[in-house]
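Let me begin by presenting the structure, written as structure tokens, before commenting on it.
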Amino acid sequence: MTAKSKKTRAQHDFQGRTCSITGVGSYVPEKILTNAELEKMVDTSDEWITTRTGIKERRIAAKDEFTSDMAAKAALRAMKMAGVTASQINLIIIATVTPDMPFPSTACLVQHKIGAKNAAAFDLEAACSGFIYGIEVAKQFIMSHTYDTVLVVGAEKLSSITDWKDRNTCVLFGDGAGAAILQHRPGTQGLLTAAVGADGEKSDLLFMPGGGSRCPATQGSVDARMHFLRMEGKETFKNAVQTMCAAAKEVLRRCDLEVSQIKCFIPHQANRRIVDAVAGRIGAKPEQVFVNLHKYGNTSAASAAIAAGKIQRGDLILLVVFGSGLTWGAAVIEW
Ligand SMILES: CC(C)(COP(=O)(O)OP(=O)(O)OC[C@H]1O[C@@H](n2cnc3c(N)ncnc32)[C@H](O)[C@@H]1OP(=O)(O)O)[C@@H](O)C(=O)NCCC(=O)NCCS
């Protein structure tokens with residue numbers, strides 16, 4: 001690695017066992033929804049969406065295409081890259097806020113779709129931070145020698161919980177899936193460190209009121225549009241910038257890395273202005289910053305994983321995410 005010569009915390013802690021990303025894969029649905037099309041649906045404009053968010057278009061899953069379908073497609077691509085067969089997978093973690101159903105878990109549905117009969121399977125709900133939460137959980141199983149091969153997928157059909165009459169939110173989100181295979185791989189450091197956090201006091205900034213035990217579906221809850229996500233945009237924005245900066249600085253500090261040593265900074269793809277504010281505050285140069293939100297919008301747990309497909313072996317990557325909860329996370333990975 002290109003880091004300073006002294007050993008990182010990860011090397012000291014794990015004595016040779018690594019948690020490395022050996023394969024990544026992503027999937028986005030075919031249908032593109034452009035800003036011009038949104039202009040016909042709500043009182044908005046391409047100019048407003050572009051200047052306030054940077055988003056130009058997003059993908060929308062077909063009616064009969066579910067979170068598990070997108071997750072399975074991304075997973076199969078990641079498995080191919082890693083050279084892993086379905087029967088080798090020991091654990092499947094699906095990070096999502098849009099499971100196919102409240103239960104069984106989408107992870108069980110994906111297990112069946114990819115034929116991973118030997119894998120334990122569960123869903124993880126940390127909203128847009130789900131992918132980093134997922135790899136941090138996977139790391140515990142790999143480092144403890146409990147499992148050798150873990151599949152982590154961030155997958156969302158956010159179009160299914162988007163209020164297409166609410167211009168404040170419907171312009172922001174898209175559908176997609178990103179998957180990673182995590183394994184011990186000699187000769188690389190893999191996941192050097194990850195920091196995840198939460199602040200439940202701010203759970204009302206971004207939430208979906210209906211569909212849980214607090215507000216099961218009734219005619220009234222449907223009429224009140226409670227099965228769609230709601231958001232306080234400005235406060236969410238402020239918290240995103242603050243927590244993403246703090247998390248990024250924390251993981252760099254733990255690894256004794258300067259931001260200049262990072263090959264690629266992959267921030268959560270929520271809003272171009274959030275990306276620029278975080279990059280500016282941590283001192284990342286524009287050429288280090290990965291951005292694909294103009295093409296996909298915010299795909300929540302899938303976004304960090306979709307982005308991660310663009311990296312070369314040996315690159316040092318800084319991933320930083322933020323989401324409902326509130327939740328956040330950052331990770332430094334030697335690819
Ligand atoms: C949602 C967001 C883009 C709004 O941008 P903003 O600069 O904060 O805009 P404001 O909330 O100040 O709204 C400005 C005006 O634009 C209007 N507006 C909102 N959405 C609009 C749209 N799609 N088209 C046109 N006008 C819109 C608002 O109604 C408001 O009008 P008003 O001043 O007459 O009340 C921004 O706050 C944001 O990105 N927040 C974070 C969202 C996020 O990341 N969520 C996911 C976290 S994982």
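The values are calculated or read from the model by the stated rules, or taken from the named source; none is laboratory data. Because the structure is predicted, anything quoted here is derived from the model rather than measured. Glycine gets a Cβ as well: all are built from the backbone with ideal geometry, and neighbour counts include every protein chain shown. Ligands, DNA and RNA are excluded from the accessible area calculation, which covers all protein heavy atoms including side chains. Shrake-Rupley method; radii C 1.70, N 1.55, O 1.52, S 1.80 Å.
Brief remarks on what is shown
- Pairwise centroid distance, computed over Cα atoms, of the stretch 74-103 with the stretch 259-335, Å: 22 Å
- Under 14 Å, Cα to Cα: Lys pairs in the stretch 195-331, sequence gap 8 or more or different chains: 4
- Net +/- balance of residues flanking A284 in space, Cβ distance below 12 Å, scoring K and R +1, D and E -1: +1
- Less than 5 angstrom separates the built amide H of C19 from those of L191, all sequence-distant by 5 or more or on a different chain.
- Candidates T243, T50, T218, ranked by Gaussian network fluctuation over the chain, Cα under 10 Å, top entry: T218
- Top of A36, A75, A86 by mean-square fluctuation, Gaussian network on the chain, Cα under 10 Å: A36
- Atom-type composition of the exposed protein surface of the chain places 52 percent of the accessible area on carbon and sulfur (1.4 angstrom probe).
- Taking Cβ atoms as reference points and 14 Å as the exclusive limit, the residues near A61 contribute a net charge of -1, counting Lys and Arg as +1 and Asp and Glu as -1.
- Residue with peak Gaussian network fluctuation, the chain [Cα springs, cutoff 10 Å], from K295, K63, K31: K63
- Packing rank of 130-139, 116-125, where each peptide gets the mean count of other beta carbons within 10 Å, highest leading: 130-139, 116-125
- Amide H within-cut-off set for V291, under 5 Å, with H built and near neighbours excluded: none
- Residues in the stretch 221-292 average 47 Å² of solvent-accessible surface per residue, probe 1.4 Å, ligands and nucleic acids excluded.
- Spacing of the two label points (7 Å from each Cα toward its C-beta) at S260 and R225, in nm: 5.0 nm
- Based on C-alpha pairs under 8 angstrom that are at least 6 apart in sequence, the stretch 168-293 has a relative contact order of 22 percent.
- R0 of 25 Å, Cβ-Cβ distance S144-K80: FRET efficiency to nearest 0.05: 0.35
- Rounded to whole Hz, the Karplus (6.51, -1.76, 1.60) HN-Hα couplings of the stretch 123-133, x for glycine and proline: 9, 10, 10, 9, 6, 5, 8, x, 5, 6, 4
- Computed over the stretch 90-172: relative contact order in percent, which uses C-alpha pairs under 8 Å that are six or more apart: 39 percent
- Note on the stretch 225-275: dipole from Cβ charges, positive end direction compared against V251, F228, C264; the farthest Cα belongs to F228.
- T149 sits among other residues whose Cβ lies under 15 Å from its own Cβ, and their net charge, with Lys and Arg +1 and Asp and Glu -1, is +4.
- Contact order relative to length of the chain, as percent, for alpha carbon pairs under 8 angstrom and 6 or more apart: 26 percent
- Added length on full extension, which subtracts the Cα-Cα distance from 0.36 nm per residue, T34 to Q312: 97.0 nm
- Helix 272-282 axis, angle to the chain major axis (alpha carbon atoms, nearest 10°): 30 degrees
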